[in-house]
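The values are calculated or read from the model by the stated rules, or taken from the named source; none is laboratory data. Keep in mind it's a predicted model, so treat the numbers as computed, not measured. Don't worry about glycine lacking a Cβ; one is built from the backbone with ideal geometry, like all the others, and counts go over all protein chains shown.
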Amino acid sequence: MRNAASLPPARPASAADYRRLALAGLFFAADLAIWHWSIKLTSVANATLLANFAPIFVALGGWLIYGQRVNLRFVAGMCTAVAGSILLVGDQLQPERRHLLGDALGLVAAIFYAIYILSIKRLRDDFSTPTIMAWSALASCMVLLPVTLLSGEALFPPSAAAGWFY
């Protein structure tokens with residue numbers, strides 16, 4: 001555990017700091033937007049399974065960017081987790097030619113989520129968790145609001161009952 005003297009600063013101090021925090025939020029917004037687009041173009045099972053392959057890309061990015069090595073136990077655990085995920089969703093998977101774009105977007109969403117996780121890892125060296133979450137969430141919201149409006153999706157349910165019980 002760090003002592004108070006070694007804690008990162010609570011706030012960004014420069015325009016570059018704000019850009020780095022916003023970039024993390026943009027990666028997260030891209031993940032969410034692409035994953036939802038994927039759901040529209042393939043089955044929910046396919047989109048969700050493929051989007052949850054992010055840990056594979058985190059491990060690959062950690063190795064390529066940070067030089068982190070993975071051991072055999074990690075690889076075995078990852079293979080077991082992927083196999084388990086496929087077994088859970090197995091009968092709902094629909095690998096069809098017409099779902100190819102949606103399936104590809106599910107993988108792209110996983111890549112963006114992995115980039116988000118890797119960028120958060122780097123930000124944690126310089127900022128507190130609340131600072132990272134606040135600024136990256138603000139950037140995500142600023143991107144996702146226009147995406148939502150342009151896609152024709154509703155921001156609010158048509159009624160309170162529909163919001164709570166539908």
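Checking the stated criteria, ARG122 turns out not to satisfy the condition of being basic (Lys, Arg) and closer than 23 Å to TRP37 by Cα.
The set of residues from segment 105-141 being in contact (Cβ under 8 Å) with a residue 12 or more places away in the chain and small (Gly, Ala, Ser) comprises GLY106, ALA109, ALA110, ALA114, SER119, SER128, SER136, ALA137, ALA139, SER140. Taking the condition buried (at least 17 other Cβ atoms within 10 Å of the Cβ) and without any contact (Cβ under 8 Å) to a residue 40 or more places away in the chain, does ALA59 pass? Criteria met by ALA59. If you go through segment 39-78 and keep only what is touching a Ser or Thr at 6+ places or on another chain (Cβ under 9 Å) and either farther than 30 Å from GLU153 by Cα or among the small types (Gly, Ala, Ser) (or both), you end up with ALA47, ALA51. Taking segment 119-139, which residues are within 13 Å of the chain's Cα centre (by Cα) and among the hydrophobic types (A, V, I, L, M, F, W, C)? ILE120, ALA137, listed by residue number.
One residue stands out in segment 106-118 among those that are of a type outside the set (Val, Ile, Thr) and modelled with pLDDT of 95 or more: the one that is farthest from the chain's Cα centre (by Cα), namely LEU118.
If you filter segment 35-49 down to residues that are closer than 14 Å to LEU101 by Cα and crowded, with 21+ Cβ neighbours inside 10 Å, you find that the one that is modelled with the lowest pLDDT is ASN46.
With the requirement that a residue be of a type outside the set (A, V, I, L, M, F, W, C), exposed (fewer than 13 other Cβ atoms within 10 Å of the Cβ) and outside any helix (DSSP H, G or I), what does segment 125-163 give you? Of everything in segment 125-163, those that are of a type outside the set (A, V, I, L, M, F, W, C), exposed (fewer than 13 other Cβ atoms within 10 Å of the Cβ) and outside any helix (DSSP H, G or I) turn out to be ASP125, GLY152, GLU153, PRO157, PRO158, SER159. Considering (1) without any contact (Cβ under 8 Å) to a residue 40 or more places away in the chain; (2) part of a helix (DSSP H, G or I); (3) in contact with a helix residue (DSSP H, G or I) (Cβ under 7 Å, 6 or more places away or on another chain), the lone condition that GLN68 does not fulfil carries the number (2).
The sole residue among SER128, SER151, SER136 that is among the hydroxyl-bearing types (Ser, Thr, Tyr) and in contact with a Pro (Cβ under 8 Å, 6 or more places away or on another chain) is SER128. Within segment 142-165, no residue that is closer than 22 Å to ALA29 by Cβ sits with its Cβ atom under 6 Å from a residue that is assigned to a loop (DSSP other than H, G, I, E, B) at 6+ positions apart or across chains.
Restricting THR131, THR148 to residues that are modelled with pLDDT under 95 and farther than 22 Å from SER38 by Cα narrows the list to THR131.
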